[in-house]
Amino acid sequence: MAAGAAGLVYAAGFEARSFRLRRVTVPVLPPGMHPLRVLQVSDIHMVSGQRKKQRWLRSLAGLRPDFVINTGDNLSDPEGVPEVLDALGPLMQFPGAYVFGSNDYYGPKLRNPARYLLEKANGRHGLNGNKPAVGAIHNPWEDLRDGFDEAGWVNLTNTRGSLKIEGVSIGLTGLDDPHIKRDRYARVAGGPSDAYDFSLGVVHAPYLRVLDAFTADDYPLILAGHTHGGQLCIPFYGALVTNCDLDTDRVKGLSTHTAEGRTSYLHVSAGCGTNRYTPVRFACPPEATLLTLVAKE
């Protein structure tokens, strides 16, 4: 009991606020293209009053990325929109794009963590196979969207967009959250456009149907979040769940995905927050990732 209590104190009091930056190099650019530095932030799950998290997010602007990708779940509090916009304000001085996750649309509910193991065993996650949510709290996501749009970030909700970085054109294809069945790949299908120097796919939850579609359409890189890296992991073993149908071996970090004879790089962020009702992390510290995209060998 004492060991369990000590672990809980560590997971909630230290590790959940032990923010860090990971750096990853991804060889995906066409030969001869200058490297691009992409900062991915995900799963902030802001609760009003989380000052340390806000200070850390503001400090990331010191990295001076070429552009920023936000892969959703910014909120865990209906009152948290102003603090999200304030924390991301310095980053919104850079070009960027975003998709939303389920927690941007709906407020969190108290939930037995063991249900994640049960859903994994039954192959059901979110609204994918489960009954629709009843009595959900609606977050003011429109205010969040308006703040991002006003800063010039590109809304990738089931649509395409683009960025221009020092003469390099970047195509972006995004989806709404598959965890709550809001993804509509048919609206963006067809693969990268030849009009861009480089293209990538963006989605909140890395469900296999989405990864298969992006990969089959020959996107060289897919960015996602949602999994929290497993959140509660076993040292020297890893995550028990991913909260979607992705395997635990790819719950966070850089990996690959293959579909219809093609292979894409996949980067899943472990995110920097937690649901307000389970504010703990173990063997899975909160993070943001600076991806350096370099030319293929």
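The values are calculated or read from the model by the stated rules, or taken from the named source; none is laboratory data. Worth saying up front: this structure is predicted, and the values here are computed from it rather than measured. Positions of Cβ are backbone-derived with ideal geometry, glycine not excepted, and every protein chain shown enters the neighbour counts. Accessible surface areas use protein heavy atoms only, side chains included; no ligands, DNA or RNA. Shrake-Rupley method; radii C 1.70, N 1.55, O 1.52, S 1.80 Å.
Observations on the model:
- Residues that are modelled with pLDDT under 95 and surrounded by 15 or more Cβ atoms within 10 Å (Cβ to Cβ) do not occur anywhere in the range 139-150.
- Residue match in the range 55-69 (condition: in a helix (DSSP H, G or I), in contact with a Pro (Cβ under 6 Å, 6 or more places away or on another chain) and open to solvent by 40 Å² or more (accessible area, probe 1.4 Å)): yes
- Restricting the range 260-295 to residues that are among the hydroxyl-bearing types (Ser, Thr, Tyr) and farther than 28 Å from Arg55 by Cβ, the residue that is farthest from the chain's Cα centre (by Cα): Thr263
- Asp176 touching a residue at least 12 places away in the same chain (Cβ under 8 Å), buried (at least 16 other Cβ atoms within 10 Å of the Cβ) and either out of contact with any strand residue (DSSP E or B) (no Cβ under 8 Å at 6 or more places or on another chain) or not in a helix (DSSP H, G or I) (or both): yes
- Scan the range 245-297 for residues that are β-branched (Val, Ile, Thr), touching a residue at least 24 places away in the same chain (Cβ under 8 Å) and over 23 Å from Asp104 (Cβ atoms) and the total you get is 4.
- The range 195-217, residues that are within 22 Å of Ile165 (Cα to Cα) and either assigned to a strand (DSSP E or B) or over 14 Å from the mean Cα position of the chain (by Cα) (or both): Ala195, Tyr196, Asp197, Phe198, Ser199, Leu200, Gly201, Val202
- Selection status of Ala11, in contact with a helix residue (DSSP H, G or I) (Cβ under 8 Å, 6 or more places away or on another chain), of a type outside the set (D, E, K, R) and in a helix (DSSP H, G or I): no
- Exactly one residue out of Lys120, Lys181, Lys109 is at positive phi and touching a residue at least 12 places away in the same chain (Cβ under 8 Å), and it is Lys181.
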